[in-house]
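I have placed the structure first, in the form of structure tokens, so that the comments after it can refer back to it.
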Amino acid sequence: MLGTYDIAIQVSELCFVTEEGVAVFEGLSFTLLRDEIKFVTGPPLSGKTLLLKLIMREVYPTRGQILVAGRNILRLNARKLARLRERIGFVPYPPVILPSRTVEENLRFKLRALGIKGERAEEGVEKALSLTGFSPLKEVLAYELGEGERRVLAMAVAICNDPVVLLCDDPFRGLSPADQERVMEALRSIRTGGIASLVTTDDPTLPRRFGFPEEAVLPLRPGVVA
Amino acid sequence: MTRSLFILGELLRASVREWSRWLGFALALGLVLASGSAMALLQGGRTEKPGGIIRVLVVYLSEELSDAAIDELGWKLWELEGVKKVSFRFSGDELPGGGVSKGRALLLWIGEEGVASALESEVSRLAGGKVMEVELLTLRYPVPTRLPPLSRVISLVALVFFAFVSLVLARSAVVRTLSHWRNEWDLLRFSGVEPWLLMGDFIAVALLWGLVGCVLYLAIYQGLKGAVGGIPAVREVAPGYLASRAFPYLTAFIIGPVWAALAGGFALLLTLRPGRRPRVSEIPET
């Protein structure tokens with residue numbers, strides 16, 4: 001029996017119809033556990049990025065329910081949503097980092113902007129650096145990093161304030177196999193830190209190539225005109 | 001609060017990289033205030049009719065009258081018909097139109113010349129005969145220097161022009177600063193920092209730079225006041241310029257910052273509207 005604490009995200013009967021009448025989601029339901037990595041796969045325009053935006057409530061669904069850390073995000077007021085939003089790590093595509101700052105400064109910038117200081121900030125930096133394997137590279141300027149490392153740095157920034165879930169939008173796109181391996185290694189390590197990940201990708205074979213079971217894949221199909 | 005201050009500090013650092021644009025905005029703001037001040041002060045009213053005549057009855061009083069008696073007499077005289085104003089002069093004090101008082105005197109400011117003789121006898125009666133001498137001064141105010149109506153039109157045009165320039169420069173400064181700070185902006189937005197917090201800090205930066213313009217305006221205002229304040233023509237065309245002490249400070253520290261914040265907010269809204277966002281700079285900052 002799963003408790004609220006065990007579930008990072010629960011999506012139930014989610015429907016989204018665009019203004020043009022295209023039904024992108026029709027009754028989409030899934031659960032993401034706290035120690036789970038789930039891959040959202042599908043061709044372009046199948047709604048992968050849209051799903052992440054719905055989870056962050058940047059877009060409202062037509063119908064359905066989205067629980068993040070047990071809270072229905074559609075019913076939260078602006079202040080509570082902002083607090084919950086800080087518990088969702090997000091890595092967009094292309095990832096956003098601060099090239100002129102070091103790896104560690106990237107993390108500290110976010111933490112200070114969120115008002116996280118002192119011991120909590122130190123713990124956050126240490127945890128993010130160790131989970132993503134950046135501890136030896138923390139003094140390196142971000143623009144000196146390779147493409148794969150930059151994406152992992154974006155993940156480190158996203159998790160440094162200890163969110164419940166990490167949403168990654170197409171983190172493998174355009175990467176070499178070695179860089180894909182590096183990103184996947186970081187995702188696995190982040191999972192061991194108790195942070196679930198929801199990862200989108202165009203490549204439906206990617207999860208299987210990295211040894212993930214069928215249950216770890218959420219396939220989406222292009223929407224149809226309703 | 002500390003979050004906002006941190007973001008404000010970072011944003012200020014980014015704005016310093018575009019100091020020339022922000023300084024241009026500050027200067028334009030100073031000129032908005034200056035032209036607005038010119039418009040407001042050039043219409044300063046004057047109390048006397050241009051070129052009008054004023055008559056003053058100078059009543060020299062006996063040394064026997066006490067201060068209290070003079071005070072009481074002054075009130076009685078003020079109640080007489082035809083008397084507009086009563087004032088007092090010690091011996092040696094300056095009289096209206098030049099000259100000095102020969103002794104303690106009450107000055108009765110009257111309108112018509114005809115009432116002067118009637119008042120003279122009434123004054124003697126009320127003073128119990130303790131009047132040494134009564135003198136009638138007839139003064140003609142010089143025709144004041146006039147500014148052509150076009151001067152106010154010019155200041156209005158200048159106000160509108162500099163207001164427009166300040167908006168254009170604010171927009172330019174905001175766009176350039178945001179292009180330097182785009183990665184930080186996006187990172188914070190994706191991290192869940194509320195947009196109003198970021199926008200508020202951007203407006204605060206505009207306000208802080210605007211304060212530079214306000215201080216410049218104040219310095220020029222007070223500097224000019226010291227330089228031309230002694231010129232009679234200046235007193236005539238803009239009496240409020242020399243008389244009002246609060247005006248420049250209210251303008252500089254209330255109207256100026258409000259305008260700066262509005263200009264910054266307007267520029268930011270224009271910059272952030274969909275399809276008008278500057279590109280993310282992929283070039284590393286050095």
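Tabulated values for the structure
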| item | result |
| --- | --- |
| Conditions (1) modelled with pLDDT of 90 or more; (2) within 14 Å of another protein chain (Cβ to nearest Cβ); number of the one not met by B:A261 | (2) |
| Subset of region A:25-47 [in contact with a helix residue (DSSP H, G or I) (Cβ under 7 Å, 6 or more places away or on another chain), among the charged types (D, E, K, R) and part of a strand (DSSP E or B)] | A:K38 |
| Residue list for region B:72-83, filter: surrounded by 12 or more Cβ atoms within 10 Å (Cβ to Cβ) and either out of contact with any strand residue (DSSP E or B) (no Cβ under 9 Å at 6 or more places or on another chain) or more than 12 Å from B:L126 (Cβ to Cβ) (or both) | B:E72, B:K76, B:G82 |
| Matching residues in region B:183-197 - criterion: being at pLDDT 90 or above and either more than 7 Å from chain A (Cβ to nearest Cβ) or touching a His at 6+ places or on another chain (Cβ under 9 Å) (or both) | B:W185 |
| Given (1) in contact with a Leu (Cβ under 9 Å, 6 or more places away or on another chain); (2) surrounded by 14 or more Cβ atoms within 10 Å (Cβ to Cβ); (3) not basic (K, R), index of the condition A:A23 fails | (1) |
| Considering residues of region B:214-255 that are more than 24 Å from B:L27 (Cα to Cα) and of a type in the set (A, V, I, L, M, F, W, C) only, the residue nearest to the chain's Cα centre (by Cα) | B:A243 |
| Subset of region A:92-112 that is closer than 26 Å to A:I9 by Cβ and surrounded by fewer than 21 Cβ atoms within 10 Å (Cβ to Cβ) - its residue that is farthest from the other protein chains (Cβ to nearest Cβ) | A:Y93 |
| Residue within region B:198-213 that is within 14 Å of chain A (Cβ to nearest Cβ) and not hydrophobic (A, V, I, L, M, F, W, C) present | yes |
| Residue within region A:178-199 that is out of contact with any helix residue (DSSP H, G or I) (no Cβ under 7 Å at 6 or more places or on another chain), of a type in the set (D, E) and free of Cβ contacts under 8 Å to residues at least 60 places away in the same chain present | yes |
| Odd one out for B:S117, checked against (1) more than 19 Å from B:D67 (Cα to Cα); (2) among the hydroxyl-bearing types (S, T, Y); (3) in contact (Cβ under 8 Å) with a residue 40 or more places away in the chain | (3) |
| Options B:E122, B:E112; residue that is surrounded by fewer than 16 Cβ atoms within 10 Å (Cβ to Cβ) and not β-branched (V, I, T) | B:E112 |
| Hey, B:S87 closer than 23 Å to B:Y141 by Cα, within 37 Å of the chain's Cα centre (by Cα) and of a type in the set (G, A, S) or not | yes |
| Out of A:A78, A:A82, sole residue that is surrounded by fewer than 19 Cβ atoms within 10 Å (Cβ to Cβ), within 17 Å of the chain's Cα centre (by Cα) and without any contact (Cβ under 8 Å) to a residue 24 or more places away in the chain | A:A82 |
| Which numbered condition A:L175 fails, given (1) of a type in the set (A, V, I, L, M, F, W, C); (2) in contact with an Asp or Glu (Cβ under 8 Å, 6 or more places away or on another chain); (3) facing another protein chain (nearest Cβ under 8 Å); (4) surrounded by fewer than 20 Cβ atoms within 10 Å (Cβ to Cβ) | (3) |
| The listed residue being of a type in the set (G, A, S), more than 14 Å from every other protein chain (Cβ to nearest Cβ) and surrounded by 19 or more Cβ atoms within 10 Å (Cβ to Cβ), out of A:G148, A:G133, A:G89 | A:G148 |
| Qualifying positions in region A:148-178 - part of a helix (DSSP H, G or I) and under 18 Å from the mean Cα position of the chain (by Cα) | A:G148, A:E149, A:R150, A:R151, A:V152, A:L153, A:A154, A:M155, A:A156, A:V157, A:A158, A:I159 |
| Complete set of residues in region A:9-46 that are modelled with pLDDT under 90 and within 15 Å of the chain's Cα centre (by Cα) | A:R34, A:D35 |
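Each row is one residue, and each column tells you yes or no for (1) modelled with pLDDT under 90; (2) surrounded by fewer than 21 Cβ atoms within 10 Å (Cβ to Cβ); (3) away from chain A (no Cβ under 14 Å).
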| site | (1), (2), (3) |
| --- | --- |
| B:M1 | yes, yes, no |
| B:L5 | no, yes, no |
| B:R17 | no, yes, no |
| B:R21 | no, yes, yes |
| B:A26 | no, no, yes |
| B:L29 | no, no, yes |
| B:V32 | no, no, yes |
| B:S37 | yes, no, yes |
| B:A40 | yes, yes, yes |
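Let's see how each residue does on (1) at pLDDT below 90; (2) loosely packed, with under 14 Cβ neighbours inside 10 Å; (3) assigned to a helix (DSSP H, G or I):
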residue	(1), (2), (3)
B:G265	no, no, yes
B:L268	no, no, yes
B:T271	yes, no, yes
B:R277	yes, no, no
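The values are calculated or read from the model by the stated rules, or taken from the named source; none is laboratory data. Because the structure is a prediction, the values reported are computed rather than measured. Positions of Cβ are backbone-derived with ideal geometry, glycine not excepted, and every protein chain shown enters the neighbour counts.
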